[in-house]
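**Q** So that we are looking at the same thing, I have put the structure below in structure tokens.
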Amino acid sequence: MTHWLQEPPPTAGLPLSWRDFVKGSASLEHDLATFTGQIDAQIECSGTAAILVALTTLKRMSIRRNVVIPAYTCPLVPLAILRCGLKPVLCDTKPNHFDLCPESLKAVCDEETLAVISTHLGGRVADIKSTTDIATQVGAYVVEDAAQALGANWQGQAVGTVGDIGCFSLGVGKGLTIYGGGAVVARDKNMRHQLRTTSAELASSKSTWHHIMWEARRLLELAGYYALYRPSGLKLAFGLALRRNLKKNKFIEAAGDDCSADFPLHRVGLLRKTIGASALKRLPDFIANTSKQALRRKSLLSNIPGIIVMDDNIGDVGTWPYFLVLMPTQATRDLALSKLWAARLGVGRLFIHALADYPYLTSAFDSSDTPNASDFAARTLTISNSLWLNEDDFMHICIVLEQSVA
Ligand SMILES: Cc1ncc(COP(=O)(O)O)c(C=O)c1O
């Protein structure tokens, strides 16, 4: 079992090396573009900022104002939509899934729809084709939220590069991190130009001091991440606050879902970009190693009667930061979590609620009838696919899940 001083991370993020700080590498924009098979990638200060830049750009190109999002996703997404002065419209998910339900999508899309956001959650690849077909019929743009899926492929093509605009997160716990960061890609040259213009305008509305302070803070946090993103540091950096929140039944805080519309917007400095570009060189091997572990462990999990491990459609190859596991009922999920969440085993929850069920989002949506999304939120748990989660601990998790279902 994991030593009492140690803790695996809840998701498998790429650890930094001291060499990333001293050697660096030339251009994160260029290297990330090459990694995703694009000509250019634009770096933003977070995945949320990337979405905000994407939607602000689309808003300038159209008089439409509605943005359709899956009813189960990161709460920062509707907050970003609202901050753009746009209207988030919920689309229910497919039963037992996080992806947009095609029937619900058809029902909510109309001539007011500016964009549909297709979300690849936890490295799993969404059905972007079906979403694009429906969005195209009403003349809406498709934005891919690939915040959690850098390196995943849809039918041989990098996720984020299939729709009109793709957004990635380089935040803490993601495959590649610069502590706070994001990236935007677009196939169309004019769209890339518009995205750059929007980003520059948003940045120029802030003072130089604002940019310097945020960058200094993020650099320090990145150094802290280097120091503590390891089993011996994660208990301090992550586990103590988690268990404090769980003790007080503060589940939204425990899952990091206590989001605010007041997220920062600032430029990302060259030093953090060079650190990220250096780490990016190790990402393909890291994805290969974590995928190898995931495929083996996924088959063990899938053998447990009654549970569903979220997987990809044929032809899609996702990444595996963690397993998204759907339990048969909320009661079995809660029983398993009562034994595992606080136990330093990398088990937890993704988003606590369907979007409409967050107290701070209730007034954000006109309609909130999304039963599949609420059911998905009530029955899912996550299991880290960190290479630091040892075999004994993983088998212990499997046994607890089996007992909870039984
Ligand atoms: C699906 C999804 N979209 C957007 C975001 C926002 O990314 P960031 O935290 O980098 O702002 C996240 C964050 O985890 C996410 O999971």
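The values are calculated or read from the model by the stated rules, or taken from the named source; none is laboratory data. Quick caveat: nothing in here was measured; it's all calculated off a predicted structure. Cβ sites come from the backbone with ideal geometry, for glycine too, and all protein chains shown count toward neighbours.
**Q** Filter the stretch 129-169 down to the residues that are farther than 20 Å from Asp40 by Cβ and among the polar types (S, T, N, Q), then identify the one that is farthest from the chain's Cα centre (by Cα).
**A** That would be Gln137.
**Q** If we scan the stretch 292-301, do we find a residue that is over 19 Å from the mean Cα position of the chain (by Cα) and closer than 20 Å to Phe35 by Cβ?
**A** yes
**Q** Restricting attention to the stretch 128-145, which residues are closer than 19 Å to Lys94 by Cβ and within 16 Å of the ligand (Cβ to nearest atom)?
**A** Ile128, Thr131, Val142, Glu144, Asp145
**Q** Please tell me if Pro88 is within 16 Å of the ligand (Cβ to nearest atom), surrounded by 24 or more Cβ atoms within 10 Å (Cβ to Cβ) and of a type outside the set (Lys, Arg).
**A** On the way: within 16 Å of the ligand (Cβ to nearest atom): yes; surrounded by 24 or more Cβ atoms within 10 Å (Cβ to Cβ): no; of a type outside the set (Lys, Arg): yes.
Answer is no for this residue.
**Q** Just checking, which of Ala107, Ala80 is at negative phi, among the small types (Gly, Ala, Ser) and either in a loop (DSSP other than H, G, I, E, B) or within 13 Å of the ligand (Cβ to nearest atom) (or both)? Spell out how you get there, then give the answer.
**A** Details: Ala107 fails: either in a loop (DSSP other than H, G, I, E, B) or within 13 Å of the ligand (Cβ to nearest atom) (or both).
Of the residues listed, the single one that is at negative phi, among the small types (Gly, Ala, Ser) and either in a loop (DSSP other than H, G, I, E, B) or within 13 Å of the ligand (Cβ to nearest atom) (or both) is Ala80.
**Q** Which condition number does Thr73 fail, the rest of (1) in a loop (DSSP other than H, G, I, E, B); (2) more than 21 Å from Cys45 (Cβ to Cβ); (3) within 13 Å of the ligand (Cβ to nearest atom) being met?
**A** In the conditions (1) in a loop (DSSP other than H, G, I, E, B); (2) more than 21 Å from Cys45 (Cβ to Cβ); (3) within 13 Å of the ligand (Cβ to nearest atom), Thr73 misses (2) alone.
**Q** So the check is Cβ under 6 Å with 6+ separation or different chains; which pairs have a first residue in the stretch 278-292 that's within 15 Å of Val317 (Cα to Cα) and a second one that's at pLDDT below 95?
**A** Here the result reads none, with nothing in the stretch 278-292 linked to a residue that is at pLDDT below 95.
**Q** Okay, moving on. Among the candidates Arg333, Arg344, which residue alone is more than 19 Å from the chain's Cα centre (by Cα) and on the phi > 0 side of the Ramachandran plot? Steps first, answer last, please.
**A** Numbers: Arg333 fails: on the phi > 0 side of the Ramachandran plot.
None of the other options fit; the residue is Arg344.
**Q** Considering only residues of the stretch 110-127 that are closer than 24 Å to Thr11 by Cα and part of a strand (DSSP E or B), which is nearest to the ligand (Cβ to nearest atom)?
**A** Going through the stretch 110-127, the residues closer than 24 Å to Thr11 by Cα turn out to be 117-127.
If we keep only those that are part of a strand (DSSP E or B) as well, we get 117-119.
Working: Ile117: 9, Ser118: 11, Thr119: 5 Å.
Across the stretch 110-127, the extreme among qualifying residues is Thr119.
**Q** Turning to a different aspect of this structure: Out of all the residues in the stretch 391-400, is one or more assigned to a helix (DSSP H, G or I), over 23 Å from Leu5 (Cβ atoms) and not assigned by TED's automatic domain parsing to the domain that holds Glu103? It would help to see each step written out before you state the result.
**A** Step one: filter the stretch 391-400 for residues assigned to a helix (DSSP H, G or I), giving 391-400.
Restricting the remaining residues to those that are over 23 Å from Leu5 (Cβ atoms) gives 398-399.
Narrowing the set further to residues that are not assigned by TED's automatic domain parsing to the domain that holds Glu103 leaves 398-399.
Checked against the condition, which is being assigned to a helix (DSSP H, G or I), over 23 Å from Leu5 (Cβ atoms) and not assigned by TED's automatic domain parsing to the domain that holds Glu103, the stretch 391-400 yields at least one hit.
**Q** Consider Gly173 carefully, then state whether it is modelled with pLDDT of 95 or more, within 16 Å of the ligand (Cβ to nearest atom) and not in a strand (DSSP E or B). Outline the logic, then answer.
**A** Working: modelled with pLDDT of 95 or more: no; within 16 Å of the ligand (Cβ to nearest atom): yes; not in a strand (DSSP E or B): yes.
Against the criterion (modelled with pLDDT of 95 or more, within 16 Å of the ligand (Cβ to nearest atom) and not in a strand (DSSP E or B)), Gly173 does not qualify.
**Q** Then there's this: Mind checking which residues of the stretch 325-353 are touching a strand residue (DSSP E or B) at 6+ places or on another chain (Cβ under 8 Å), among the aliphatic types (A, V, I, L, M) and within 30 Å of Arg83 (Cα to Cα)?
**A** Correct list: Leu350 only.
**Q** (1) surrounded by fewer than 24 Cβ atoms within 10 Å (Cβ to Cβ); (2) touching a residue at least 12 places away in the same chain (Cβ under 8 Å); (3) more than 15 Å from the ligand (Cβ to nearest atom): which one isn't true of Trp154, the others all being true?
**A** (1)
One line per residue, one yes/no per condition, for (1) of a type outside the set (D, E, K, R); (2) farther than 30 Å from Ser291 by Cα; (3) in the same structural domain as Phe376 (by TED's automatic domain parsing):
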{"site": "Val67", "(1), (2), (3)": "yes, yes, no"}
{"site": "Gly85", "(1), (2), (3)": "yes, yes, no"}
{"site": "Pro102", "(1), (2), (3)": "yes, no, no"}
{"site": "Lys106", "(1), (2), (3)": "no, yes, no"}
{"site": "Glu112", "(1), (2), (3)": "no, yes, no"}
{"site": "Ala115", "(1), (2), (3)": "yes, yes, no"}
{"site": "Ser118", "(1), (2), (3)": "yes, no, no"}
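**Q** Within the stretch 111-133, does at least one residue satisfy the condition of being under 21 Å from Ala80 (Cβ atoms), touching a Phe, Trp or Tyr at 6+ places or on another chain (Cβ under 7 Å) and among the acidic types (Asp, Glu)?
**A** No, the stretch 111-133 contains no residue that is under 21 Å from Ala80 (Cβ atoms), touching a Phe, Trp or Tyr at 6+ places or on another chain (Cβ under 7 Å) and among the acidic types (Asp, Glu).
**Q** Now for a different question. Would you please name the residue that is farthest from Cys45 (Cα to Cα), looking only at residues in the stretch 176-196 that are within 16 Å of the ligand (Cβ to nearest atom) and not in a loop (DSSP other than H, G, I, E, B)? Working first, answer last.
**A** Taking the stretch 176-196 as the starting set, the residues that turn out to be within 16 Å of the ligand (Cβ to nearest atom) are 176-185.
Narrowing the set further to residues that are not in a loop (DSSP other than H, G, I, E, B) leaves 182-185.
Working: Gly182: 6, Ala183: 8, Val184: 11, Val185: 14 Å.
Filtering the stretch 176-196 for residues that are within 16 Å of the ligand (Cβ to nearest atom) and not in a loop (DSSP other than H, G, I, E, B), the one farthest from Cys45 (Cα to Cα) comes out as Val185.
**Q** Only one of these conditions is not met by Phe98: (1) of a type outside the set (Asp, Glu); (2) over 30 Å from Phe286 (Cβ atoms); (3) within 13 Å of the ligand (Cβ to nearest atom). Which number is it?
**A** (2)
**Q** Right, something else. Counting just the residues of the stretch 15-52 that are assigned to a helix (DSSP H, G or I) and touching an Asp or Glu at 6+ places or on another chain (Cβ under 6 Å), which one comes out surrounded by the most Cβ atoms within 10 Å (Cβ to Cβ)?
**A** Restricting attention to the stretch 15-52, the residues satisfying the condition of being assigned to a helix (DSSP H, G or I) are 18-22, 28-35, 47-52.
Next cut, touching an Asp or Glu at 6+ places or on another chain (Cβ under 6 Å) only: 33, 50.
Numbers: Ala33: 18, Ala50: 33.
That would be Ala50.
**Q** OK, next. Given the conditions (1) under 21 Å from Pro321 (Cα atoms); (2) in a helix (DSSP H, G or I), report the number of the one that Arg344 does not fulfil.
**A** Result: Arg344 fails condition (2) only.
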